[in-house]
Amino acid sequence: MNTAIKTQNITKSYPGVLANSNVSIQIEESSIHAIVGENGAGKSTLMKILYGMTKPDEGEIEIFDEPASMSSPKDAINQGIGMVHQHFMLAKNLTVLENIILGIDRPSLKNLGLKKYKKSIQEVMSTYSLDIDLDMFVEELSVGEKQRVEIIKVLFRGAKILILDEPTAVLVPQEVNELFKNLNNLKENGVTIIFISHKLDEVLEIADAISVMRAGKLIDSVNNDNVSKTELAEMMIGKSLPTPPPRSTEKKQNVILDLKNLTSETVDGRKLFTDVSFNVFESEILGIAGVEGNGQKEVVESIIGINDIESGEIFFNGEIINNKSTRQRLESGISFIPEDRQLQAMIMDMNLTNNVIIGRQNIEKYKSNLATVKIKNAIKESESVISLFDVKTPNTNTLATALSGGNQQKFVVGRELEDDPSLLIASQPTRGIDIGAQSLIWEKLRESRDNGLAVLLISADLEELIGLSDRIIVFYQGSMVKELNSANLSPEDLGGYMTGLKK
Amino acid sequence: MKLSLRIASFSAPIIALAISFGLSSLILLFIGKDPVETFRIMFEYGIKGKSIVSIINRSIPLYISAIAVAVGFKMGLFNIGVEGQYLVGSIIAAFVGSQFSIITPLHILFIILIAVASSAMWAAIAGYLKVKKGIHEVISTIMLNYIGTGLISYSLTNVFDEKGSEYELPRTPELPETGQMPALNNFFRLEDLQDLHGFLFVAIIVGIFYYWLVWKTTLGFDLRITGSNPVAAKFSGINPNKLIVVAMVTSGGFAGLVGLGPLLGYFHRFTIDFPTGLGFAGIAVALLGRNHPFGMGVGALLFAFLERSSQILDLNDVPKEIERMLQAFILLIVVVFYEVIRRFIVKQQVKDASKKIET
Amino acid sequence: MTKNIFKSLLNRYIVITPILLVLIVAQMEEYSQLTTSGTFGAAIRLAIPIMLAGLGGLFSEKTGVVNIGLEGMMIMGTWFGAWGGFTFGAWQGVFIGMLGGALFGLIHAIATVSFQVDHIVSGVAINILAAGVARFLNVIAFEDIAFASSTASPRITGDIGRLTVPYLAGGEINGQETTNLFGFIENLNVFLISDFAGLVLGFLSNISYLTIFALAIVPLSVLILWKTPIGLQMRSVGEYPTGSESLGVNVYLMKYIGVSISGALSGLAGAYLVIAGTGIYLEGQTGGRGFIGLASMLFGNYKPFGILMGSGLFGFADALQLRSPKAVHGLLIIIAIFLFVLAIKTLFEKKYIPSLISLLLSSGFLIWFLNSESIPNQFVYFTPHITTLIVLSFANQRIKLPEKIGVPYKKGELN
């Protein structure tokens, strides 16, 4: 078989980080080649280089046996490489058609020729058995449909090599199957597919060849038939996977959080969640499972008081808190780790001392009688969080933006836990951070849970969800569909409830 | 922060000044005037004793106006309406203050309170429109400036006009002596120079109060985090709507003080000649001084210096409007450089932090 | 079918009711000026600068750059238009005015796109810069010329020319007067039809060629932005710059183009004020129209024809203020009635407090109307500004901003 892509000794570094180190990889034409590795292994950097978003410091690239050098995504497309990003690169206020043809023409004043394009796109769609309505606004599409648009977009530009970056990250098992079917179709039609992932199950299902990266290096490339999951995992991580710890089965007593028939307001003609009822006991972790966008985030934000609800009651420690402001709720013993730390949990251009006050500015610890900020207390607290949670930073004066993702998250988790809350709401608490930080956070969460904390956990990472939660409730289309016990549970089973197949 | 970074952040205004003078020199050359000579004349005139007093006097309202704008900026609000707000405050204070007489400290205090209150209320309208109707404050405050000017013009002629005076143009009655702010000359032993406005003390107090409010209080903390990241601010329990109104009212309150320097110091009444444009100049000074109480002080003095020293240019056959260009250049270039340097500093910090992690 | 039309009409009550009220009140002798061709003609003339500024705002914001420097760019348009018109001629003045505006647009682009300065800060700085530059240029350019002062320029030479359409509006052909069809209909004083004729006549009678030029830009904008590749790229840059960049769109270039066009259109607006209006540059001439243009852009929901409508509304308010303050007085009763209708509507929706407020305001306006003969000059002066606030108060709900507006974009930034 011919070689689609071949790289020799690709090296790339960023300030303080050697992202790719002497990576030499070979990808065969008309195959599905997976590149696996955990966060920070160097997969995305390699892909950015192959896609022309960035140039390597050293090394060569050959595409279809021709030496290639790409300084922009347009170069890459011209060479036949198309990228489907993890976070879709689609303009939601433009139509599917407009998104697909964007950038094909030079920016001229000639007529756009929408009809002509429509026809040729439809030809592409039928060749590869992909289907979508071209006149819809992207905003109106489902996640799987948006991904399909991305694929059509690159195929339409003549891509022969497709790079998919964590394509199943936002899909449910059923949409994943749909995607795999499409990928196999593409392979039959001569397309080469590079599949970046950290989900070993899927990789073993779909890939012909697998390359493992770790700490910027290419560890090895193997054929799918010759390797097992454990071997791959060991290559990927170099140590064993976390296992769910033994859990006590004693019945809990106090209900810390109690939601009764919560229904959201109607937004754009639909309700984000309806009739949600559940409770969280002291000394337990309740996990909320569900594909993003099924209402979990909105429920949690209603508990905090960011969103309004139309009906229902929220009880905290037996007291109804519907009419309390966010500030009051936070001060009464609820702590919150939001899912987007940079946007929602921290002030990036302020130092850690200031960031430790966020969410609790008005409590006696930080606010004097004259309404001034007690900065000394903040410094003390911040230093305490830094040491207890192993936050790697020169000191508490460092700006939040200077820390790595993992350290930022550790700081946020530390800040919330050290406040000694009765209820902690954690939304995607270890998303996008390194394994070291992740295990520390898991450890702290379990520790606090054992000490009596009630935790409401939302996680799209099924392993984290199963590993941490005592009970799991599944959200689908704004309703709570099932409560499960975390022992004896399989991801496929869970996925079934998450897509409404199982009722 | 490392010394080199400190130096870097000071360099922006200096570079901007240099480039602005450079550009203005080019323009002067283009119209056939000698730039070196021009600037020399300006400088010499500007450092004369009389000029210095005048410069300080001019800088007082500029400074206070800048602080009013800066309060808004800290939260990410653009209060372009300081212009209308201070005029509203001034005319109401001028009229009400002229209607009675009590001992001086109290009378002045009362006038100040009235100016601050009326100005704050005018600003509150914009705050309300933003919170309830989602109208961006840039548009609403600018519209309110025009509406305010119209209302002031009307009321000056029909409501507040001094009754029974032979003076042709409309004006409010004069403030009685108890409502006039004494000059500081005796205090500083500056007998033979023109009056140094007593309001200087108020300006200094305002500056200190601003610093305390923004950097030491919880309210200021809330303002700053909302300005930096409104989403996180909301998640931290801040009620953005409440804060917007509070910020606008505070900003408007400060604005009320802007016109009082002239009013209490030498105008003693509100007339059609009352100084205008201070609101917009304040925006420039706030941007120049980066919302910092000391920086804005320097900025106010700088602009006042330029204004004063350029007065002499007409006598030397150079259009004094070159000074306006100079001001505008400085503003635009400084704003660009602040951004450039800010990004540089952040990059440096990231580099430093990741170096520390490696070791 | 009719039920749907009726329903959508009811939803548009905010637009329909005032129009109906104006038509009704206009039937009265003393308020007849509300719907004459003279008023409409003036309205068009006054709306054009606002419309052009609004279109300018559109081109900039569609590429994701907030431009509140429109006022400053318009000021440059007035000065350069006056200078060009004085030195060369009318049409030359127009294009030089556009260039002046485009130059300042370019400055704004450099500051916001290449240097990542906050868009609003840059806009404010541009306005201040423009004011200073205009004053300075005026002083040195017309130093020894008669009829000029530091705040005014001499009159432009040449004339842009006006057109009156023959047959429909009584324009001349070969020196011969022709029939004036719409004028005739207008004078019949038939309800609605004559008023409509007045509107049409306003467009056809004594209309400046520059106005025609400006109006042509409206469909041209639609064409460019929605039917050409460059338009698509410009819009994509305001919606999703990182995505567009990865597809090879030159994001910086598109923003530069958008903002420069924005400056050119604002410059045209300024030039229009001078060349089709006063004939001279006058300091302060723009009077906040750049900002009202922004308001019309929002009101028009970022669509060129919406901007035309919105600016038409503002122009109308402006025209009344200038031509017939008496008619403005008539607006008081219209506002009173409209508020009363609003009070009833909110009462049905069980919004008691807004209903009460509307009722109180309505009575206030009614009392004012009954107790006065005319509105004081100074109040009339800010009619467009207060109209802006009122319009924005009602319209703000359904406006769709470009997704990434105002967000500084750095090349190579992948989310």
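The values are calculated or read from the model by the stated rules, or taken from the named source; none is laboratory data. Small disclaimer: the values here were computed from a predicted structure and weren't measured. Methodologically, a virtual Cβ is constructed for each residue, glycine included, from the backbone with ideal geometry; neighbour enumeration extends over all protein chains shown.
Of the residues making up segment B:316-330, those that are more than 9 Å from every other protein chain (Cβ to nearest Cβ) and either surrounded by fewer than 23 Cβ atoms within 10 Å (Cβ to Cβ) or closer than 21 Å to C:Asp144 by Cβ (or both) are B:Asn316, B:Asp317, B:Val318.
Being under 24 Å from C:Ser149 (Cα atoms), more than 9 Å from chain B (Cβ to nearest Cβ) and modelled with pLDDT of 90 or more holds for only one residue in C:Ala47, C:Ala53, C:Ala134, and it is C:Ala134. Residues that are more than 11 Å from every other protein chain (Cβ to nearest Cβ), in contact with a Pro (Cβ under 6 Å, 6 or more places away or on another chain) and not basic (Lys, Arg) do not occur anywhere in segment B:286-307.
Could you check, for segment B:235-247, whether at least one of its residues is outside any loop (DSSP other than H, G, I, E, B), aromatic (Phe, Trp, Tyr) and within 14 Å of chain A (Cβ to nearest Cβ)? Checking segment B:235-247: at least one residue is outside any loop (DSSP other than H, G, I, E, B), aromatic (Phe, Trp, Tyr) and within 14 Å of chain A (Cβ to nearest Cβ).
As for segment B:88-100, it holds at least one residue that is of a type outside the set (A, V, I, L, M) and under 19 Å from the mean Cα position of the chain (by Cα).
Exactly one residue among C:Gly279, C:Gly270 is at positive phi and away from chain A (no Cβ under 14 Å), and that residue is C:Gly279. Residues considered: C:Gly290, C:Gly238, C:Gly263. Of these, the only one that is under 25 Å from B:Ile139 (Cα atoms), in contact (Cβ under 8 Å) with a residue 40 or more places away in the chain, facing chain A (nearest Cβ under 10 Å) and in a helix (DSSP H, G or I) is C:Gly238.
Confirm whether A:Gly103 is at pLDDT below 90, assigned to a loop (DSSP other than H, G, I, E, B) and more than 14 Å from chain C (Cβ to nearest Cβ). It is false that A:Gly103 is at pLDDT below 90, assigned to a loop (DSSP other than H, G, I, E, B) and more than 14 Å from chain C (Cβ to nearest Cβ).
Taking the criterion of being without any contact (Cβ under 8 Å) to a residue 40 or more places away in the chain, in a loop (DSSP other than H, G, I, E, B) and out of contact with any helix residue (DSSP H, G or I) (no Cβ under 8 Å at 6 or more places or on another chain), the only residue of segment A:128-187 that qualifies is A:Ser142. Taken over segment B:158-177, residues that are modelled with pLDDT of 80 or more and exposed (fewer than 15 other Cβ atoms within 10 Å of the Cβ) amount to 2. In a residue-by-residue description of segment A:144-167, the property of being farther than 18 Å from A:His85 by Cβ, away from every other protein chain (no Cβ under 12 Å), touching a strand residue (DSSP E or B) at 6+ places or on another chain (Cβ under 8 Å) and of a type in the set (Lys, Arg) applies to at least one position. Report yes if A:Asn111 is closer than 28 Å to A:Glu178 by Cα, within 14 Å of chain C (Cβ to nearest Cβ) and not in a helix (DSSP H, G or I), otherwise no. Judged against the criteria, A:Asn111 is not a match.
Here B:Pro105 meets the list (1) in contact with a Leu (Cβ under 6 Å, 6 or more places away or on another chain); (2) surrounded by fewer than 21 Cβ atoms within 10 Å (Cβ to Cβ) almost entirely, failing just condition (1).
Rundown of residues vs (1) within 25 Å of C:Met76 (Cα to Cα); (2) among the aromatic types (Phe, Trp, Tyr); (3) in a loop (DSSP other than H, G, I, E, B); (4) touching a residue at least 24 places away in the same chain (Cβ under 8 Å), yes/no style:
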{"residue": "C:Ala134", "(1), (2), (3), (4)": "yes, no, no, yes"}
{"residue": "C:Pro154", "(1), (2), (3), (4)": "yes, no, yes, yes"}
{"residue": "C:Ala169", "(1), (2), (3), (4)": "no, no, yes, yes"}
{"residue": "C:Phe196", "(1), (2), (3), (4)": "no, yes, no, no"}
{"residue": "C:Gly202", "(1), (2), (3), (4)": "no, no, no, yes"}
{"residue": "C:Leu215", "(1), (2), (3), (4)": "yes, no, no, yes"}
{"residue": "C:Val218", "(1), (2), (3), (4)": "yes, no, no, yes"}
{"residue": "C:Val222", "(1), (2), (3), (4)": "no, no, no, yes"}
{"residue": "C:Gly231", "(1), (2), (3), (4)": "no, no, no, no"}
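Inside segment C:276-286, can you point out the residues that are surrounded by fewer than 24 Cβ atoms within 10 Å (Cβ to Cβ) and within 18 Å of C:Ile44 (Cβ to Cβ)? Those that are surrounded by fewer than 24 Cβ atoms within 10 Å (Cβ to Cβ) and within 18 Å of C:Ile44 (Cβ to Cβ): C:Gly277, C:Thr278. Do we have any residue at all in segment A:8-31 that's assigned to a helix (DSSP H, G or I) and at pLDDT 90 or above? The answer is no, given that none of the residues of segment A:8-31 is assigned to a helix (DSSP H, G or I) and at pLDDT 90 or above. Only a single criterion out of (1) among the hydroxyl-bearing types (Ser, Thr, Tyr); (2) within 30 Å of C:Glu61 (Cα to Cα); (3) at pLDDT below 80 is not satisfied by C:Ser311, namely (3). Filtered by the rule that a residue be free of Cβ contacts under 8 Å to residues at least 60 places away in the same chain, within 10 Å of another protein chain (Cβ to nearest Cβ) and assigned to a helix (DSSP H, G or I), segment B:110-145 gives B:Ile125, B:Leu129, B:Lys132, B:Lys133, B:Ile139, B:Ser140, B:Met143.
Against the definition (closer than 22 Å to A:Thr274 by Cα and facing chain B (nearest Cβ under 8 Å)), how does A:Ile306 come out, yes or no? When the stated conditions are applied, A:Ile306 passes them.
Of all residues in segment B:340-351, those that are more than 7 Å from chain A (Cβ to nearest Cβ) and either at pLDDT below 75 or farther than 16 Å from B:Ala12 by Cβ (or both) total 0. Only one entry of A:Lys410, A:Lys444 meets the criterion of being within 14 Å of chain B (Cβ to nearest Cβ), basic (Lys, Arg) and out of contact with any Ser or Thr (no Cβ under 7 Å at 6 or more places or on another chain), and that entry is A:Lys410. For segment A:412-447, the set of residues classified as buried (at least 22 other Cβ atoms within 10 Å of the Cβ) and of a type outside the set (A, V, I, L, M, F, W, C) consists of A:Gly414, A:Arg415, A:Glu416, A:Ser427, A:Pro429, A:Thr430, A:Gln438, listed by residue number. Inside segment B:160-181, residues that are in contact (Cβ under 8 Å) with a residue 24 or more places away in the chain, assigned to a loop (DSSP other than H, G, I, E, B) and either away from chain C (no Cβ under 14 Å) or farther than 27 Å from B:Asn57 by Cα (or both) make up a count of 10.
In segment C:378-394, which residues are facing chain B (nearest Cβ under 7 Å) and either crowded, with 19+ Cβ neighbours inside 10 Å or aromatic (Phe, Trp, Tyr) (or both)? Once the filter is applied, which keeps residues that are facing chain B (nearest Cβ under 7 Å) and either crowded, with 19+ Cβ neighbours inside 10 Å or aromatic (Phe, Trp, Tyr) (or both), segment C:378-394 yields C:Phe379, C:Tyr381, C:Phe382, C:His385, C:Thr388, C:Leu389, C:Leu392. Does A:Ile49 satisfy the criteria of being more than 24 Å from the chain's Cα centre (by Cα) and either within 14 Å of chain C (Cβ to nearest Cβ) or surrounded by fewer than 21 Cβ atoms within 10 Å (Cβ to Cβ) (or both)? For A:Ile49, the condition - more than 24 Å from the chain's Cα centre (by Cα) and either within 14 Å of chain C (Cβ to nearest Cβ) or surrounded by fewer than 21 Cβ atoms within 10 Å (Cβ to Cβ) (or both) - is not met.
So, B:Phe280, is that one away from chain A (no Cβ under 14 Å), modelled with pLDDT of 85 or more, out of contact with any Gly (no Cβ under 7 Å at 6 or more places or on another chain) and within 30 Å of B:Val116 (Cα to Cα) or not? Yes: the conditions hold for B:Phe280.
Okay, residues lined up against (1) buried (at least 19 other Cβ atoms within 10 Å of the Cβ); (2) small (Gly, Ala, Ser):
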site	(1), (2)
B:Ser51	yes, yes
B:Val82	yes, no
B:Phe95	yes, no
B:Ser101	no, yes
B:Leu113	no, no
B:Lys133	no, no
B:Thr141	yes, no
B:Tyr146	yes, no
B:Leu156	yes, no
